[in-house]
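Below: the structure, in structure tokens.
Read-outs throughout are calculated quantities, based only on the coordinates presented, and are distinct from any laboratory measurement. Quantities reported herein were computed from a predicted structural model and do not represent experimental measurements. Ideal geometry is used to build each Cβ from the backbone, glycine not excepted, and the neighbour counts take in all protein chains shown.
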Amino acid sequence: MKLDFQTDGGVGTRANLGLIVLETDETMEPEFSRIMDRAGVALYHCRIAMAPEIRPDTLMLMEKDLPASARLLPPSLQFDAIGFGCTSASTVIGSDKVAEAVRIACPGAKVTDPLAAVIAACRALGVKRLGFVTPYIAEVSARMRSKLEEAGFEIAGFGSFEEGNDRVVARITPASILQAIETVAAQEPCDAVFVSCTNLRCLDVIPIAEQTIGVPVISSNTALAWHMLRMAGVEDTTDRLGMLFAGPQEQEALTLQPVV
């Protein structure tokens with residue numbers, strides 16, 4: 001017996017989002033599943049090859065693999081936004097070239113990456129002076145710092161775990177990340193703290209850190225997710241993901257005086 005059926009617009013009635021995740025990343029998908037838990041928002045992942053060691057030469061290799069990875073996203077969908085999930089590779093390759101490579105497979109797609117996203121997020125929040133936390137070796141951190149300064153931000157404080165192995169980065173404890181945020185924020189007054197790297201487990205730390213230091217804390221994952229949603233026209237606000245995702249009233253309520 002042949003059964004009758006009807007069709008509809010699918011899961012992504014509000015937005016279809018694509019995410020290109022590093023082979024070595026263990027954090028993006030769990031964090032994004034929580035951030036993107038919104039009715040009508042569909043998130044689709046694909047993976048891209050990446051060596052465990054985070055160096056400029058290994059990061060640059062991903063440029064040629066981006067089109068093939070993007071082609072693994074569901075071809076039947078028209079994506080509202082596609083994110084490339086690597087802050088350091090976006091810095092080395094360049095956000096414009098990342099977008100060009102993804103659009104080879106997905107012409108016309110809106111494309112972002114954590115570097116472009118954090119710049120957009122900081123501008124939306126009115127940030128001028130930025131505290132900067134990374135897990136990277138010095139050469140990678142220096143390149144990223146230069147990109148942020150070129151975008152018009154003053155780096156008020158800086159600290160790095162100086163770890164080159166992405167598998168180790170994924171296992172840096174949230175308590176260590178929280179301590180790093182507080183240490184960097186205490187160096188000089190800043191308007192926000194940016195914690196770079198999609199593999200650092202920041203999501204649960206962000207609200208705690210913001211209450212302690214009194215300014216927004218932005219991670220690579222929260223910046224990228226926020227930017228993808230905004231590019232797709234999803235303007236929802238919430239106070240559970242920190243000041244970046246909160247509306248003006250919620251931001252004011254979440255802003256506390258730093259603990260001395």
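Once the Cα gyration tensor of the chain is diagonalised, what are the square roots of 5 times its eigenvalues, in whole Å and ordered largest first, as equivalent ellipsoid semi-axes?
Details: eigenvalues 182, 101, 49 Å².
Largest first, the chain gives 30, 23, 16 Å.
Using every alpha carbon pair in segment 118-243, what percent of pairs falls into each 10 Å bin from 0 up to the bin containing the largest distance?
With 10 Å bins starting at 0, P(r) equals 13, 48, 34, 5.
³J(HN,Hα) across segment 141-148 via Karplus (A = 6.51, B = -1.76, C = 1.60, θ = phi - 60°), whole Hz, x for Gly/Pro?
4, 5, 5, 5, 4, 4, 5, 5
Give the calculated FRET efficiency between Asp236 and Asp57 to the nearest 0.05, with a Förster radius of 41 Å applied to their Cβ-Cβ distance.
Details: r = 40 Å, r/R0 = 0.97.
Rounded to the nearest 0.05, the efficiency is 0.55.
Would you calculate the separation in nanometres between label points at Asp96 and Ser146, each defined as 7 Å from the Cα along the Cα-to-beta-carbon direction?
1.6
HN-Hα J couplings of segment 64-69 from phi, Karplus 6.51/-1.76/1.60, θ = phi - 60°, integer Hz, Gly and Pro as x?
With the stated coefficients, segment 64-69 comes to 6, 8, 4, x, 5, 5 Hz.
Estimate the FRET efficiency between Ala39 and Arg171 by the formula 1/(1 + (r/R0)^6), using the beta-carbon distance for r and 35 Å for R0, to the nearest 0.05. Working shown, then result.
Details: r = 34 Å, r/R0 = 0.96.
FRET efficiency, Ala39 to Arg171: 0.55.
Can you give me the angle between helix 174-185 and the longest principal axis of the chain, using Cα atoms only, in degrees from 0 to 90, rounded to the nearest 10?
50
Give me, ordered by chain and number, the residues 5 or more places off Glu163 or on other chains with an amide H under 5 Å from its own placed amide H.
When sequence neighbours closer than 5 places are left aside, the close amide H contacts are Tyr136, Ile137.
Treat each spin label as a single point 7 Å out from the Cα along the C-beta direction, and report the Glu162 to Lys2 distance in nm.
Spacing of the two 7 Å Cα→Cβ label points: 7.0 nm.
List the residues whose amide H sits under 5 Å from the amide H of Arg47, counting only those 5 or more places along or on another chain, with H placed 1.01 Å from N in the peptide plane.
Here Val21 satisfy the definition.
Search the structure for amide H atoms under 5 Å from the amide H of Gly247, placed 1.01 Å from N in the peptide plane, and list their residues when 5 or more places away or on another chain.
Thr238
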